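In what follows, a single structure is set out as C-alpha cells and then discussed.
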Amino acid sequence: MIVNMSAHATEAEINHVIERVKECGYQAHVIRGVERTIIGAVGKSSDGGGHRSELEALRAAPGVEEIIPIAQPFKLVSRQLRHERTVVDVCGVRFGGTGVVIIAGPCSVESREGFFEAARAVKRAGANMLRGGAYKPRTSPYEFQGLGVEALKILSEARGETGLPVVTEIMGTEDVDSVAEHADMLQVGARNMQNFVLLKRLAKTPRPILLKRSPSATVKEWLMAAEYLLAGGNSNVVLCERGIKTFDNELRNTFDLSAVALARELSHLPVIADPSHGTGRRSLIPIMSRAAIGAGADGLMIEVHPCPERALSDGPQSLDLHGFEELMRELREPARELAGAT
C-alpha cells in the first residue's frame with residue numbers, strides 16, 4: 001500500500017501514520033519529496049502481522065490524502081512507490097542522472113601489468129569506472145577462476161592511480177567483507193541473481209550493488225531479486241541487462257533491450273546494459289551499445305583487454321584498447337552525453 005500524505009500534512013501527522021503502519025504489522029518506508037511525503041507500507045512485521053483492513057482505515061487519519069494499492073509484487077522497487085528516478089552515487093559517479101556511465105575493463109584481473117595497461121587506457125578514453133573480476137564463476141572447473149585476494153589488491157592500486165571507482169563480482173557470503181574492503185561497488189553476477197542468502201547479506205553492506213539479470217530470468221524475477229536488497233536496507237542498487245538464453249545459437253546470448261526499457265518503466269532504479277555478454281561478439285558491441293543508449297540505458301558495461309586473443313576469459317567479446325577508444329568517440333554522438341567524459 002502507498003499512503004500519500006497531503007502537501008499540508010504536519011510532521012506530527014506523518015509520524016502518526018508511520019506508527020500506525022507499524023502497528024498494523026507492516027514496514028514503513030518513508031519517501032520525502034519536495035512537495036509531499038509518501039509512506040510505503042510493505043512486507044510484514046516480525047510478529048507475522050499485517051492487517052490490511054486496519055491499514056485501509058488510515059484514509060480517515062489526519063493529513064492522509066489517499067491510499068493506493070501497489071499492483072506489483074516488487075513493492076520498494078516499483079515506480080508506484082517512487083515516481084522520481086533513483087540516482088545511485090558510486091564515489092561521485094552517478095547512475096540514473098543525466099549522463100551515460102561507462103564501466104570498462106577486462107573480464108578478469110589476470111596480472112598487475114595487464115590490468116594497469118587496460119585501466120590507464122580506458123581512463124584516457126573517458127570511462128567512468130573500472131571493472132575486473134577477482135573471483136570468476138566458470139562453467140568448467142578447469143578454467144581460470146581468478147586471482148582472488150591478489151586481484152583485489154591490484155584493483156585497489158589501479159583505483160589509486162587512475163581515480164576510477166572499481167566494481168567487481170562477489171560470489172559468496174564469506175567474501176563480502178574482503179571484497180567490500182577493496183571495491184567501491186559489488187556486482188552480483190548472473191548466476192547468483194537468485195542466491196537469496198547472498199542478496200540478504202549484501203543488503204546489509206554499505207556498498208552499492210550492481211545486480212545482473214540471470215540468462216533465464218524474467219524481468220519480474222529480476223526486479224524481485226532487487227526487492228531483496230531494498231527490503232534488507234540497501235537502496236543503492238543498479239540493474240544490469242546482460243542477455244538471456246534463447247534458441248538462437250549464433251550469439252552467446254540474446255541482448256534483451258526491451259527489458260531495459262521495461263525495467264525503467266516498472267522501476268525507479270537505474271538500469272545499465274552489458275553488450276559484451278549480451279552478444280558475445282566483439283563486432284556487435286559498438287552498434288548494440290548505441291542501441292542500448294537509445295533504449296534508455298543509464299550506462300554500459302564493456303569488456304576491454306589489451307590483447308583479447310591472449311585473454312584468459314571472454315576474449316572473443318572483448319574490445320582491444322584501440323577499439324574501445326573508437327567506441328567512446330562514436331558514443332559521444334548520441335544526444336545523451338557520456339557522464340563526465342572529456
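The values are calculated or read from the model by the stated rules, or taken from the named source; none is laboratory data. These figures come from a predicted structure and were not determined experimentally. All Cβ positions, even for glycine, are placed from backbone atoms using ideal geometry, and neighbour counts span all protein chains on display.
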Task: Those residues of region 188-235 which are closer than 19 Å to A134 by Cβ and in a helix (DSSP H, G or I), in sequence order - done: A190, R191, N192, L198, R201, L202
Open item on the list: Let me confirm something: among L229, L251, which residue is buried (at least 18 other Cβ atoms within 10 Å of the Cβ), touching a helix residue (DSSP H, G or I) at 6+ places or on another chain (Cβ under 7 Å) and among the hydrophobic types (A, V, I, L, M, F, W, C)?
Closed with: L229
- [ ] For N15, indicate whether it is farther than 30 Å from A273 by Cα, among the polar types (S, T, N, Q) and touching a Ser or Thr at 6+ places or on another chain (Cβ under 9 Å).
- [x] no
Open item on the list: Quick check on my filter: what residues within region 1-18 are part of a helix (DSSP H, G or I), under 32 Å from the mean Cα position of the chain (by Cα) and not polar (S, T, N, Q)?
Closed with: I14, V17, I18
Open item on the list: When you scan region 91-100, do you find a residue that is under 28 Å from the mean Cα position of the chain (by Cα), within 30 Å of E309 (Cα to Cα) and either among the basic types (K, R) or assigned by TED's automatic domain parsing to the domain that holds A158 (or both), even just one?
Closed with: yes
TODO: Among what's in region 200-217 and is surrounded by 24 or more Cβ atoms within 10 Å (Cβ to Cβ) and charged (D, E, K, R), pick the residue that is nearest to the chain's Cα centre (by Cα).
DONE: K212
Open item on the list: Here are the criteria: (1) within 15 Å of V260 (Cα to Cα); (2) out of contact with any Phe, Trp or Tyr (no Cβ under 9 Å at 6 or more places or on another chain); (3) surrounded by fewer than 18 Cβ atoms within 10 Å (Cβ to Cβ). Tell me which single one K220 does not satisfy.
Closed with: (2)
- [ ] Could you tell me whether A190 is touching a residue at least 24 places away in the same chain (Cβ under 8 Å) and farther than 29 Å from V30 by Cβ?
- [x] yes
Task: Residue in region 127-153 that is surrounded by the fewest Cβ atoms within 10 Å (Cβ to Cβ), counting only those that are in a strand (DSSP E or B) and among the hydrophobic types (A, V, I, L, M, F, W, C) - done: M129
